[in-house]
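Peer 1: The structure's right below; bear with me while I get my questions together.
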Amino acid sequence: MNVYDSARMADVLAPLGYASTDRAEDADMVILNTCHIREKAAEKVFSELGRLKTLQAAKAKTGSRMILAVAGCVAQAEGEEILRRAPFVDIVLGPQTYHRLPEMVAQAARAGGAVLDTEFPAEPKFDFLPEARAEGSSAFVSVQEGCDKFCTFCVVPYTRGAEYSRPAPAVLAEIGALAAQGVREITLLGQNVNAWNGGEAGWGLARLIGAIADLGTVERIRYTTSHPRDLDDQLIAAHAQIPQLMPFLHLPVQSGSDRILQAMNRGHDRDAYLRLVERLRRAQPDLALSSDFITGFPGESDADFAQTMALVRQVGFVQTYSFKYSPRPGTPAALMPDQVPEPVKEERLAQLQALLHQQTAAFNQACLGREMRVLLDRPGRHAGQLLGRSPYMQPVHVKAAAHLLGTVVPLRITAVHPNSLAAEPVDAGTS
Ligand code: SF4
C-alpha cells in the first residue's frame with residue numbers, strides 16, 4: 001500500500017517539476033512514507049530523520065533548501081510528536097491527504113512554520129489524483145482502504161480510517177490507463193481487499209476481478225491483503241474460473257489458537273480458516289498460500305503456540321510474514337494483562353520461522369524442473385539477464401533477450417537458490 005501511495009505522491013508532484021532520485025543528497029524534497037504497524041518501523045522514522053537533518057543542514061550551507069516531509073501512518077498517528085521531536089520537518093501529512101501535497105509544498109516553501117495535515121477528508125483522495133503513471137509491466141492499484149475489523153493488536157483502523165471501496169468505473173479506468181502504458185499484471189490492494197464492494201449492491205471483489213479479466217488487456221491479476229471473514233463463495237469460485245487470477249493467495253491467520261484468535265478479535269476461529277483453505281484448494285488445486293503470524297500475543301501459552309505450529313504443518317505455506325508481538329499505543333492489546341516476556345516471544349518466533357523456512361524451501365525445491373509462465377519485469381544484475389515473478393511470487397532469473405522484458409514467457413526452472421529460482425526458456429534445449 002505504501003509503495004502505491006509513494007508512486008501516487010510522485011504523480012501528484014510531477015506537474016510541479018519534481019522527479020524522483022535515488023540520492024537523498026540531490027533532493028529538493030524528501031518524503032518519508034511511513035508505516036506504523038510495528039514499533040520498529042515507527043522508531044526507524046526518527047533515526048532516518050536524524051540522518052536527513054544533517055543533509056538538510058549541509059544543503060542550507062550551500063544556499064539551497066531541502067523540504068522534509070513525513071507521510072503515511074506514523075505521520076497520521078504521531079504528527080504532533082514528530083514536529084516536537086523533529087522541528088526541522090516542514091510537512092507532516094496522513095495517508096488520506098496526499099492529493100493536497102502541491103498546496104502543502106507551496107505553503108512550506110513560503111516558510112513560516114511546519115504544515116500539518118492529518119485530516120480524514122470527506123471527499124476521497126482518489127477523486128483528486130492525476131492519471132497513474134506506469135513504471136514497468138506490473139502495477140499496484142488501490143481499490144479499498146481502511147478497516148472496520150479492529151483486531152486488538154492493530155493500528156490500521158485508527159490510522160487509515162473506516163473501510164472505503166473505490167467505485168468500479170474508477171478502478172477499471174485506472175487499470176485501462178495502466179494497461180495502455182504496457183502493464184500486464186495488476187495487484188489490487190486494500191487493507192481488507194476482499195471487503196471491496198464498489199460502494200454498490202451486487203458488486204464484490206470476484207465481480208471486479210471478472211471485469212478486469214474481461215478488459216482483455218491484463219494477463220495477470222492478484223489481490224492483497226484478504227481477511228478470512230470476507231472471503232466469500234464468489235471469490236473462491238473466481239480462483240477456479242478466472243485464468244488470469246494467479247494461483248497465489250495471502251490469507252493472514254495470525255494464530256492457530258482459538259483462544260488467541262478470539263483475544264485478537266479476528267472474527268473467525270481455527271476451523272473456519274482450515275475450512276476456507278480446503279475449499280480454496282478444491283477450487284484451485286495449484287493454489288499456493290501465504291500468511292501473517294504473530295508470536296507472543298498477550299496471554300499466549302505454550303499450548304496456544306503449539307496450535308499455531310500444528311496449523312502451519314497442516315496447511316503448508318510458501319511465503320509468510322511473521323513477527324513477535326509489539327504493543328502499539330492506543331490498541332486494546334497493549335493494555336492486556338499477561339504480556340509475554342520478550343525472550344519467550346523470540347524463542348517462539350525462531351521456532352515458527354524455522355518451520356516456515358522449511359516449507360518455503362520445500363516448495364521451491366518442488367518447482368525444480370517445472371515449467372511455469374513468468375512475467376519478466378526487470379533487467380537482472382548480470383548482462384543478458386532478466387528478472388521476473390513466478391505465478392507463486394517467487395523471484396525468477398533467466399538469460400533472455402532484452403525484447404522479452406515486460407512479457408509473460410514460459411520458462412523451465414533449472415536451479416533453486418536460497419532467495420530465487422533460476423530458469424531457462426522452455427525451448428532452450430530443443431532450439
Ligand atoms: S483486519 Fe487487518 S488491517 Fe484490519 S484491524 Fe485486523 S489486522 Fe488490522
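Peer 1: Looking at the chain as a GNM with Cα springs under 10 Å, which of GLY161, GLY199, GLY72 has the largest mean-square fluctuation?
Peer 2: Answer for the Gaussian network model of the chain: GLY199.
Peer 1: Further question on the same structure: Consider all pairwise Cα distances in the chain and report the whole-number % of them above 28 Å.
Peer 2: For the chain, the fraction of Cα-Cα distances above 28 Å is 55 percent.
Peer 1: Roughly speaking, what is the centre-to-centre gap between the stretch 1-62 and the stretch 355-431 when only Cα atoms are used, to the nearest Å?
Peer 2: Their Cα centres are 33 Å away from one another.
Peer 1: For the stretch 325-342, just list the computed ³J(HN,Hα) in residue order, Karplus coefficients 6.51, -1.76 and 1.60, θ = phi - 60°, integers in Hz, with x standing in for Gly and Pro.
Peer 2: Karplus-based 3J(HN,Hα) across the stretch 325-342 equals 4, 10, x, 9, x, x, 9, x, 5, 5, 9, 6, x, 6, 5, 7, x, 3 Hz.
Peer 1: Looking at the stretch 274-431 only, what percent of DSSP beta bridges run antiparallel? Nearest 5 please.
Peer 2: Here the share of antiparallel DSSP bridges comes out near 70 percent.
Peer 1: Ok, one more. Under 16 Å from the Cα of LYS324, which lysines turn up, not counting those fewer than eight places away in the same chain?
Peer 2: List returned: LYS40, LYS345.
Peer 1: Treating only the Cβ of Lys, Arg, Asp and Glu as charged (+1, +1, -1, -1), what charge dipole size does the stretch 342-403 show about its Cα centre? Round to the nearest 20 debye.
Peer 2: On the way: 8 positive and 5 negative charges, 65 e Å.
Roughly 320 debye, rounded to the nearest 20.
Peer 1: Further question on the same structure: Please list 3J(HN,Hα) in residue order for the stretch 267-284, calculated via the Karplus relation 6.51 cos²θ - 1.76 cosθ + 1.60 where θ = phi - 60°; whole Hz, with x for glycine and proline.
Peer 2: For the stretch 267-284, the Karplus-derived couplings read x, 8, 10, 4, 4, 4, 5, 5, 5, 4, 4, 4, 5, 4, 6, 5, 5, 9 Hz, x marking Gly and Pro.
Peer 1: Tell me which aspartates and glutamates have Cα within less than 20 Å of LYS399's Cα, excluding those fewer than 8 residues away on the same chain?
Peer 2: Output for LYS399: GLU371, ASP377, GLU424, ASP427.
Peer 1: Further, regarding this structure: Which residue fluctuates the most in the chain, going by a Gaussian network model with Cα springs under 10 Å, if the choices are GLN241, GLN319, GLN96?
Peer 2: Answer for the Gaussian network model of the chain: GLN241.
Peer 1: Roughly how many debye, to the nearest 20, is the charge dipole of the stretch 225-311 about its Cα centre, given +1 on each Lys and Arg Cβ, -1 on each Asp and Glu Cβ, and no other charges?
Peer 2: The calculation lands at about 180 debye.
Peer 1: Then there's this: Run the lone-cysteine check on the chain: no other Cys C-beta under 4.7 Å from the residue's C-beta.
Peer 2: Within the chain, the cysteines lacking a partner Cβ under 4.7 Å are CYS35, CYS73, CYS147, CYS367.
Peer 1: If you don't mind, another one. What fraction of the DSSP beta bridges in the chain is antiparallel, stated in percent and rounded to the nearest 5? Spell out each step's value before the answer.
Peer 2: On the way: 21 of 56 bridges.
Here the antiparallel bridges make up roughly 40 percent for the chain.
Peer 1: A follow-up question, please. Report, in debye and to the nearest 20, how large the dipole of the chain comes out about its Cα centre when Lys and Arg carry +1 and Asp and Glu carry -1 on their Cβ.
Peer 2: Approximately 820 debye in magnitude.
Peer 1: Counting only protein heavy atoms and a 1.4 Å probe, tell me what percentage of the stretch 1-131's accessible area is made up of carbon and sulfur.
Peer 2: Taking all protein chains in place, the stretch 1-131 shows 51 percent carbon and sulfur surface.
Peer 1: Give me, ordered by chain and number, the residues 5 or more places off THR407 or on other chains with an amide H under 5 Å from its own placed amide H.
Peer 2: Under 5 Å from the amide H of THR407 lie the amide H atoms of LEU376, each far enough along the sequence or on another chain.
Peer 1: Tell me the net charge near GLN339. Cut-off is 11 Å between Cβ atoms, GLN339 excluded, with +1 for each Lys or Arg and -1 for each Asp or Glu.
Peer 2: -2
Peer 1: Taking only Cα atoms and a 10 Å spring cutoff, compute GNM fluctuations for the chain and point out the largest among LEU55, LEU287, LEU261.
Peer 2: Among LEU55, LEU287, LEU261, the largest mean-square fluctuation in the Gaussian network model of the chain belongs to LEU55.
Peer 1: Related question: State the Cα centre-to-centre distance between the stretch 73-132 and the stretch 139-196 in whole Å.
Peer 2: Computed from Cα coordinates, the inter-centre distance equals 21 Å.
Peer 1: Grab the other residues whose beta carbon is less than 11 angstrom from that of LEU32, score K and R as +1, D and E as -1, and report the net.
Peer 2: So the environment of LEU32 carries a net charge of +1.
Peer 1: I would also like to ask the following. Add +1 for every Lys or Arg and -1 for every Asp or Glu among the other residues with Cβ under 14 Å from the Cβ of GLU131, and state the total.
Peer 2: Numbers: positive: ARG8, ARG133; negative: ASP11, ASP127, GLU135, GLU174.
Overall, the nearby charge balance is -2.
The values are calculated or read from the model by the stated rules, or taken from the named source; none is laboratory data. Remember, it's a predicted structure, so these values are computed and weren't measured experimentally. Ideal geometry is used to build each Cβ from the backbone, glycine not excepted, and the neighbour counts take in all protein chains shown. The protein model used for the area step is the full one, side chains on, heavy atoms only, and it has no ligands, DNA or RNA in it. Shrake-Rupley method; radii C 1.70, N 1.55, O 1.52, S 1.80 Å.
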